[in-house]
Every structure is written in structure tokens, then in C-alpha cells.
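The values are calculated or read from the model by the stated rules, or taken from the named source; none is laboratory data. Being a predicted model, the structure only gives us computed values, none of them experimental. Note that each Cβ is placed from the backbone with ideal geometry, even for glycine, and that neighbours are counted across all protein chains shown.
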């Protein structure tokens, strides 16, 4: 006979709910060795990923003693895009701390198995509560009170063991497929970047003679290309906005995408608000902060944007904005855009037009600029489509994984676990 499991607020089942902090000085105090500092990017549903883990020294570790993780702790991301991701710290694990984006949950051994709690937190019921809350609105973060209020089903420990074993047996194959698809996406991204990088810096003729460009990040370029400062290629755009303009919201594959703005429209009682600027089709666009991560593109239609964008117009008919957008993205990925920028706010560099205008860039003949852009489109198009298909498959696999977990732990309001 099926017996419903009692539900208990999480705070009564654990000895600790708390997060860490970011060391004073941020990334500047990280070391290549020492005590690990786990961040949200290290916490995944399938375990801890430590390939990009950072470290702090022993003095900083002592200062952060209250944020140390212990074996069998459950870690839960409580802010940002990865909110809700959780995992169990392995039984054998080195010393580590967490930053403020990761919550440490320490179950009481006599009440709750860490592996069972981890499954419950990954279930649709709790994940929906994490992401949307009771009122259905999207959450950007969780506090400890909200985490402690999660209603957790508590079967006997013997049944928790059975549920964990059932989940591991059914989920393992799906997790393996997820890992394969994620690896495929990584390989396709690397192939796409290598193809673009070679095209924008070496051209399309592998036999073209090369010469030293005199540009530190670039080294050699085709001998018939010349170099030029960006100020002679692009001018800063200062266009007004119009009531029917749409807002720039995101970049995708080098194109600035425009869609209806859901926040504010830039007008109050018909008066233009300070800071908004117009943008027109074909302009080169750089995000003042995210450009360092490659947020550089070409507008595909007219619209408007906030002051966070640097908008540039080609000054001559021999300057093709899509070619230079691709070139600048490669420059950003090699971290040379950041090296040229002087403005800093809270240790985050920002690019301004006055920084951009001093960039020294390689300039192929216009015919080659156009040919390179066409080549990139033809060669990377299939990769982009395959990546989109793979991402869709990944979403379906993750949904399947979630369904299997829900079936394995069987919440009381669903089908109860047979006793």
C-alpha cells in the first residue's frame, strides 16, 4: 500500500544553510594553487566541474573559515542564470570554500541523506519553486530563509537509499548522453572559431605571401593588406531615437537583434529620456562591457539602445562593418580589446569610442572583406544549425532527466513510493 511521505521545511532537516563570500580584491587575489574557491560555474547537476576552479591562499582561507565546505555537503546555486543547479560534495574532497553565489546545505545524517536531498532539489517541484516562487514571477536570487522553507518529503532512510539507487540506475545513461552532446557543442564552437579566426586574420588564399603586421596580437598578415587606426575607418554615431524604435536586446552570431523593449521605452510624456540613442541598420555595435566577451555585431534593422552600446558608422565605402565585427570579436576573444581600454568601474573595464578609435586593425581590400564575410556565412552556417539542433536535443535530454528524477523520488502529491 502506498503511504504518503511527510513533508518538513528544510531548515529543520539540516545543521547549516549558508553561503560564502567573494574575497576582497576579487579575481586579483586568486592564486594558481592553495585552497579551492568554488563558484557557481563549478556547481552542476552531474557533479563539481573543477577545470576552471580558482584558489585562495591560506590566510584568505582562514578569513573565510565559515564558508568552508565539508564532504557530503549539498551545494546550491542561489543567484544568476545557474540558479537552482545543485550537487553533492564527494565523500573524499580537498579543502574548499564557496563564494556568495553558492549556498552550503548540511543535512542532519539521522534525518536526510545528502544524495536524496540533492535529488529532491533537482525535482520539478523544487526547481519551479527555486526559479519562480509562489507568485510565478522569475527569480534572480534566493535567500537563506527561502531555502530553509522548501518543503522536503522525508521517507525513512532505508527508502531514501532505494530512491537514490533507483535514480542513479535510470539517470546515468541520460547523463552520459548529455555529456556527449555538451562535448559536441564545445567541439563545434572551437571549429567555428578557428575557421573565423583564420579567415579574418589570414584571408582566404593560403598561398598569399605574408608580412609582419606590426600589431602585437596579430603578428603576420597577407602582404597586400594594410593596417589602419579605427578612427580612419569608423566614426561615432550620435543619432536621436524615435517613438516607434525598438530596443537592442541581445547579440547572436555577430548580429545585433532588435525586438520590443519590455522595460522602458525611452520616452516620458513624449520627451526623450537622457542617454538613449538611435541605431540604424548596418552600423557596427560594441557593448561597452560585454565587448570583451565578444558582444560585437552589426545591427540588422533600425532601433534604439541604451548608453551601454558604442555605435559606429563606416567612414568610407571601402569599410565593411560585418568584416570588422568578425575581426573585433576575434580580437576580443584573444583578450586584446580589454588591453586597449582605460576606463574602469568596480574593476570592470569598459570600452568607449575614444578607446576604440585608437585600435590598429588589418584592412584587406573591400573585395576580400566581402568575400571573407560570405565565406564565414557559408562555412559556419551548417555548424550553427547543427549546434541549434544539438542544443534542442540537450534540452529534451534534460527534461527526460528531470522526469526520471521525479519518478525516482515520487513526491507525496504524485505517486507515493511503495513501502
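Among the strands (runs of 3 or more DSSP E) confined wholly to the range 89-197, which include 1 or more residues that are in the same structural domain as residue 219 (by TED's automatic domain parsing) and closer than 30 Å to residue 332 by Cβ? Before you say what the answer is, go through the steps one by one.
On the way: elements: 96-98, 102-107, 151-153.
Passing ranges: none, list empty.
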Next on the checklist: Let me spell it out: the conditions are (1) under 26 Å from the mean Cα position of the chain (by Cα); (2) surrounded by 15 or more Cβ atoms within 10 Å (Cβ to Cβ); (3) at pLDDT 90 or above, and residue 90 meets all of them except one. Which number is the exception?
Outcome noted: (2)
Checklist entry - Any idea how many residues of the range 259-294 are at pLDDT 85 or above and in a loop (DSSP other than H, G, I, E, B)? => result 4
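Please count how many residues of the range 1-19 are modelled with pLDDT under 90 and part of a strand (DSSP E or B). Even if it seems obvious, please write down each step before you answer.
Narrowing the range 1-19 to residues modelled with pLDDT under 90: 1-6, 19.
Next cut, part of a strand (DSSP E or B) only: 2, 19.
Going through the range 1-19 one residue at a time, the tally reaches 2.
Where residues in the range 52-75 are more than 11 Å from residue 30 (Cα to Cα), in contact with a strand residue (DSSP E or B) (Cβ under 8 Å, 6 or more places away or on another chain) and in contact (Cβ under 8 Å) with a residue 40 or more places away in the chain, which of them is surrounded by the fewest Cβ atoms within 10 Å (Cβ to Cβ)? I'd like the intermediate steps shown before the answer.
In the first step, residues of the range 52-75 are kept if they are more than 11 Å from residue 30 (Cα to Cα); the result is 52, 58-59, 61-75.
Next, from what is left, pick out any that are in contact with a strand residue (DSSP E or B) (Cβ under 8 Å, 6 or more places away or on another chain): 58, 61, 64, 66-70, 72-75.
Then keep just the ones that are in contact (Cβ under 8 Å) with a residue 40 or more places away in the chain; that gives 64, 66-67, 72-74.
Details: 64: 19, 66: 12, 67: 20, 72: 16, 73: 22, 74: 25.
By that ranking, first place goes to 66.
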